[in-house]
1. Examine segment 8-28 for a residue that is open to solvent by 60 Å² or more (accessible area, probe 1.4 Å), outside any strand (DSSP E or B) and modelled with pLDDT of 95 or more, and state whether such a residue exists.
2. For residues that are under 15 Å from residue 29 (Cβ atoms) and among the aromatic types (Phe, Trp, Tyr), tally how many sit in segment 208-262.
3. For segment 74-86, what are the residues that are in contact with a Leu (Cβ under 7 Å, 6 or more places away or on another chain) and either among the β-branched types (Val, Ile, Thr) or at pLDDT below 95 (or both)?
Amino acid sequence: MECSEPTPPTTPVPPAYLVREPRSVASPFLFAVPHSGRHYPDGFKSQCTLDDHSMRLSEDAFVDDLFDGIALKGATQLVATHARAYVDLNRASNELEPGMFSGEIGAYEVDLNNRVKAGLGVIPRVIGEGMPIYGDRIPIREAFKRLETVYTPYHAKLSELLHTRHRDFGSAVLVDCHSMPSGPELGRRRKSQPDIVLGDCWGTSCSRELTGLVERLFLEAGLRVRRNIPYAGGFATRHYGQPSNNCHALQIEINRALYMDETRVEKLPQFDEVREKMLSVSETVMSFYGDLPAVVPAKAAE
């Protein structure tokens with residue numbers, strides 16, 4: 001009797017997102033984390049030319065943990081589960097690069113902007129310069145599968161949560177949480193670098209008063225802050241931020257050297273200290289929000 005080779009175990013597939021709600025929603029704030037997902041589907045890994053560790057370098061690693069606990073402050077947290085290299089949730093769904101796929105894309109109208117041409121579309125081709133993800137083209141049906149199973153559910157939930165907050169509070173605030181590399185010398189916090197970059201699309205996605213409050217509180221926490229340079233805000237900030245309708249979106253980029261070893265993708269001993277600063281600033285922003293003259297919530301629906 002011949003013995004067959006054992007079937008290798010498959011990695012369980014998580015839902016597209018996790019929602020951490022407070023016991024009672026006490027504020028119009030939603031903290032979203034689109035790039036800290038750590039799930040790499042088995043089929044995807046079999047297509048990759050990079051090793052597992054190299055793939056993780058594209059993550060906004062541990063940003064979800066930095067804001068874990070925000071639900072205890074009365075806000076909601078939305079966390080993507082799938083890796084950014086698999087599908088980038090901070091891109092428009094039509095930011096596709098046709099040349100990286102086999103098969104016909106059909107009548108699908110793509111936005112072939114410079115970022116997409118560089119390989120950083122909604123289905124990334126690279127994770128960085130000289131670091132291609134694939135050795136060959138991948139089927140276009142694979143791109144549509146990722147959009148259908150991960151991208152669309154995530155943004156549907158994000159839209160729903162913002163709509164609910166706007167209905168209940170008369171306003172909604174999306175805080176899109178990210179991290180940024182520390183620079184050419186990974187792991188070293190240079191004096192010329194900011195610790196925090198606040199992106200409000202140059203004042204078009206969020207009221208300047210709210211951005212100013214966040215900036216002041218981070219400065220008081222001992223952090224170096226810059227606005228909009230080099231990160232003015234991605235797709236989510238531009239798409240969901242409508243200050244004239246009392247829907248505000250602010251992107252926060254956190255210097256990775258503050259809290260993690262970027263080469264090893266491991267938390268530093270001071271991780272908890274940085275986490276407490278993030279939560280403290282967030283809690284204070286939420287408590288002062290209704291007092292800002294330009295963002296006084298409209299009367300909530302009866």
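1. yes
2. So the answer is 1.
3. 76, 79, 81
Quick grid of which residues meet (1) closer than 20 Å to residue 33 by Cα; (2) touching an Asp or Glu at 6+ places or on another chain (Cβ under 7 Å); (3) at pLDDT 95 or above:
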position: 126; (1), (2), (3): no, no, yes
position: 146; (1), (2), (3): yes, no, yes
position: 169; (1), (2), (3): no, no, no
position: 176; (1), (2), (3): yes, no, yes
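The values are calculated or read from the model by the stated rules, or taken from the named source; none is laboratory data. Predicted model, so just to flag it, every value in this text is computed and none were measured. Virtual Cβ from ideal backbone geometry, glycine too; neighbours counted across all protein chains shown. Heads up: the accessible areas ignore ligands, DNA and RNA and are worked out on the full protein's heavy atoms, side chains in. Shrake-Rupley method; radii C 1.70, N 1.55, O 1.52, S 1.80 Å.
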